[in-house]
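Step one of this worksheet: look at the structure below.
The values are calculated or read from the model by the stated rules, or taken from the named source; none is laboratory data. Everything numeric here is computed off the predicted structure, so don't read it as measured data. Quick reminder, even Gly has a Cβ in these numbers, built from the backbone with ideal geometry, and neighbours come from all protein chains shown. SASA here: full protein model, heavy atoms, side chains in, ligands and nucleic acids out. Shrake-Rupley method; radii C 1.70, N 1.55, O 1.52, S 1.80 Å.
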Amino acid sequence: IRTLGSADLRYTPRSWLSADANMSYDRSDIDDSFFLNRGLKSENFATGDPGSLTIDNSFDSAINASGSVSVLKSFGRFTARSTARALLETEDYQLATASGTNFAVGGVPRLDAALSRTSSSTKRTIRSEGYFLTGGLDADSRLILDGLVRRDASSLFGPGEQWHTYYRGSVAYRLAQEPWWPWRRINEFKLRASQGTAGTRPDFADQYETYTISSNGTLAKSALGNRFLKPETAKETEFGLDMILDNRFSLQLSQSHVRTTDELVQIPLPGAVGYTTQWQNAGTVV
């Protein structure tokens, strides 16, 4: 069963002022079972399978909601715009699996009829929120400035690193729009430069201590938790040139450099620690 829903709201009290809000809901429910009757021929048992039954039940629901206020206003030669936005994300996932093999009798698709039974379950809850502030300035459609600041928090970050800030800034200059531009066949000649950062979140289990349980019930330490785990941060710088000739031919040249810091790496730990590995922000990629 798949359930989807969304709602959008827009309010424009002034020609230069508008407010937007939206919310979406997405839920997936899955109920799945597989039964192989005792005595049937199968890939591994040509003379008769001992029988198996697997039952899975899961749901995954997500809610995304955001609200923003935007301003767009002209002041003589200049046009300014700005947007403030808040974002909320929630996700809940739950899975339960049970299986049984080696049935005592045939034709009874019940787990308690199996001589060997196993089960497992998973539950995951993720909460995130973000706040954005963007701004732009256009001077006679020649000089264009744009900037963004974003503040993010997520339950996927370690409790010691809950909030992180990202930014973006860019500038473009359209020389062909200047009155002194000598080459009229070149309709567009724009120089541009930009720099910004973005983050990649850790996986759900990376910040927690994890253990393995053997079939006989023995508990063994696996990964050591990291309460200071934070997202990877990629910083990109780009320079470029856009050109149009006779309103027919276009050329775009770009040079980009990306550097990723705090790369998530699973680090082996000394035997004295007791845990075998730990996720750490230990890598850099250029």
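Think of the chain as having a plus end and a minus end, set by charges on the Cβ of Lys, Arg, Asp and Glu; of Ser68, Trp163, Asn216, Ser68 sits farthest toward the positive end of this dipole.
Given charges of +1 on the Cβ of Lys and Arg and -1 on the Cβ of Asp and Glu, with all other atoms neutral, how large is the dipole of the chain about its Cα centre, in debye to the nearest 20?
860
This model, with +1 at the C-beta of Lys and Arg and -1 at the C-beta of Asp and Glu, gives segment 1-153 a dipole about its Cα centre of some 520 debye. Between segment 204-273 and segment 105-180, the C-alpha centres lie 13 angstrom from each other.
Taking 20 Å as the cut-off, the amide N atoms of segment 144-165 that come nearer than this to a point 7 Å along the Cα-to-beta-carbon line of Arg227 belong to 153-164.
Full extension of the chain segment joining Tyr173 with Asp246 gains 24.3 nm, where the gain is 0.36 nm per residue of separation less the Cα-Cα distance. Largest first, the residues Glu232, Glu161 sort by 1.4 Å accessible area into Glu161, Glu232. Going by accessible surface with a 1.4 Å probe and the largest first, Val108, Val285 read Val285, Val108. At the residue level, Ser141 shows approximately 60 square angstrom of accessible surface with a 1.4 angstrom probe and all protein chains present. Rolling a 1.4 Å probe over the protein chains gives Lys230 an accessible area of about 60 Å². Note on Lys235: accessible area is roughly 90 Å² with a 1.4 Å probe, heavy atoms of protein only.
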